[in-house]
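Throughout, read-outs are computed from the coordinates displayed, never taken from laboratory work. Remember, it's a predicted structure, so these values are computed and weren't measured experimentally. Every residue, glycine as well, gets a Cβ built from its backbone with ideal geometry; the counts of neighbours run over all protein chains shown.
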Amino acid sequence: MPHNATGPQFVSPSHYRILEMQHEELLDNASKIQGLFHFLNFLDTAAFDRCLGRSGKSPECLARAPEGGAPPRKFVAITAAGQALKAKQAEAERAALLGLQRQDQRAISMEETMDRLKDTFMAYADPMLYANTGRREMNIVGWCRLLRDCRLLDNRLTLVAADVIFTRVDAGVDVLGMPGVTGGTTLGDLHIDHSEFLRCLRAVVRTKFPTATDQNEALGLLARKWILPFSRGLGAGGGVGASVDGLFNRTTMNIVRTYDRQLKKLFAYSGSSEADPARVNWSWVRDHDGTITSSQFVLMLLNFNVTPVLLSKNAAIEVFVRCESANDGDEKVGTMYYPTFLETLAEVALAVGEAALTRLRVTTSPDELKILRRYAEGSPPPHGPRVLQAHRDVLVGRGRDAPALDQHSMYDAEAERKKNEQRAAEALQRQEEAQMMGVVQRREGLRQRFALTRLRNFYRDVRTANNNTTWPPERDTSPTNRRPGNNANPGSEGEDPVHVAFFDSERAIKTPRPL
């Protein structure tokens with residue numbers, strides 16, 4: 001971040017250097033997180049649905065007994081009893097710990113609550129902005145970090161919803177129509193002051209307590225139950241973010257908002273028992289507090305080729321347990337909400353980024369090298385070019401000239417283009433042959449029908465009495481051929497004279513010539 005030419009004016013030079021290093025680390029972590037999001041290939045709908053279909057969540061598979069044993073449904077029911085007992089014990093311990101943290105905040109007054117909220121705002125303010133300008137204002141990283149630390153994020157208040165609240169308040173949208181309220185900071189500067197921070201909290205209150213009548217009382221309840229017990233003060237590292245704060249970076253948040261529909265579909269499908277991705281509904285997950293377990297999370301990573309190539313299964317489970325126990329808002333054991341799912345994905349991305357160089361050096365499979373190259377190509381700077389350079393060094397060290405391969409890639413693309421053109425020409429030829437055969441078959445059908453009609457007319461002529469009337473005479477209802485009786489035999493003496501109809505050359509049915 002640019003700073004004054006004369007140096008920092010509100011912090012010491014050593015402290016400012018620490019802030020710069022933290023900012024560089026934040027950008028590096030953000031590039032790793034964005035690289036994993038691009039690796040999941042959300043924009044390719046066919047590939048995304050194909051990866052979702054690898055889960056094997058089919059009713060036939062779930063009902064089939066493996067090797068004569070118990071079916072998976074029954075096996076899950078048997079093993080779930082012991083796991084449920086352990087989960088209840090862990091949830092009781094967690095509830096007791098959270099109750100102790102909230103106990104000290106129950107009896108404080110509203111004035112003291114507002115004073116402590118101001119201290120919390122100061123703790124989560126942007127430290128780099130204070131070092132350069134001396135202003136205590138909060139950016140999107142501090143806002144999302146506060147909601148994450150206070151366990152306020154859930155399936156209703158997602159990261160995208162929190163970003164929308166922050167953006168609207170920063171743009172002055174929520175200020176309009178509020179009497180006596182004027183904007184705090186410059187509109188659209190991506191920072192909010194204390195008054196705008198309180199408006200953001202009131203928007204959170206409207207999301208968390210939609211039926212609340214007294215907004216101030218609801219704000220006090222929100223502060224005493226979630227914000228004050230779990231927020232970090234200045235002495236506890238409130239201004240120093242965690243490694244996953246790269247998820248809250250402005251660029252990463254824009255990517256999360258872009259892939260919001262795909263990420264919600266991924267969470268809903270991975271956490272449900274529905275076998276058809278088309279029937280997954282996010283509204284049901286939001287209204288019924290849908291969650292995801294560790295086994296479902298690891299299965300999702302396996303379906304998208306993240307495990308075991310980019311990250312091992314044990315490492316993925318460790319990341320899941322650490323994120324679920326630290327910041328999940330459902331306060332249960334073994335399950336997490338959608339925002340914590342995104343945070344876990346970010347932690348997985350950081351673990352993948354740290355292990356990418358090592359895996360490039362130790363892998364021996366060409367398929368794994370392709371996966372690692374695809375991951376490196378999707379990662380933005382500074383992480384992506386570093387991994388790509390390591391990939392080239394590995395190829396050179398194994399006797400493969402990477403620049404020569406890059407030069408030959410043009411010819412490989414030309415060969416692939418010619419192959420695609422040949423396939424298109426063959427498909428067009430097959431289509432034309434099918435059309436020609438269709439024309440021939442239709443003409444042959446017409447020829448056969450004409451031949452049968454000619455033969456039928458011939459037999460009609462030779463079986464009549466005078467070889468000229470229609471057969472049978474009962475079906476001839478023309479006035480000229482009307483007979484006194486329907487059952488009269490053709491050619492009898494009492495019969496009236498019949499009309500003689502000859503076929504001329506124009507009306508004669510001719511057999512078409514073959515092609």
Inset, instruction - Could you size up the charge dipole of the range 295-392 around its Cα centre, putting +1 on the beta carbon of Lys and Arg and -1 on that of Asp and Glu, and report it in debye to the nearest 20? - result: 620
Inset, instruction - Would you work out the relative contact order for the range 240-365, in percent, from Cα pairs under 8 angstrom that are 6 or more residues apart? - result: 25
Inset, instruction - Go through the range 45-50 residue by residue and turn each phi into a ³J(HN,Hα) via Karplus (6.51, -1.76, 1.60, θ = phi - 60°); whole Hz please, and just put x for glycine and proline. - result: 5, 5, 5, 5, 5, 5
Inset, instruction - Counting other beta carbons within 10 Å of each Cβ, put Thr213, Thr252, Thr133, Thr158 in order, fewest first. - result: Thr213, Thr133, Thr158, Thr252
Inset, instruction - Under 13 Å from the Cβ of Gly353, count the other residues' Cβ atoms, weight Lys and Arg +1, Asp and Glu -1, and hand me the total. - result: -1
Inset, instruction - Within 10 Å, count the other beta carbons around each residue, average over each peptide in 44-55, 281-292, 435-446, and list them highest first. - result: 281-292, 44-55, 435-446
Legend entry - Listed residue pairs exceeding 28 Å between alpha carbons, taken from Lys265/Lys419; Lys225/Lys265; Lys265/Lys332; Lys370/Lys419; Lys208/Lys265: Lys265/Lys419; Lys225/Lys265
Inset, instruction - Would you pull out the residues with amide H under 5 Å of Thr293's amide H, same chain only if 5 or more places away, H placed 1.01 Å from N? - result: none
Legend entry - Förster-model FRET efficiency, 56 Å R0, Asp367 and Asp119, C-beta, rounded to 0.05: 0.55
Legend entry - Pair His194, Ala107: separation of 7 Å Cα→Cβ label points (nm): 2.7
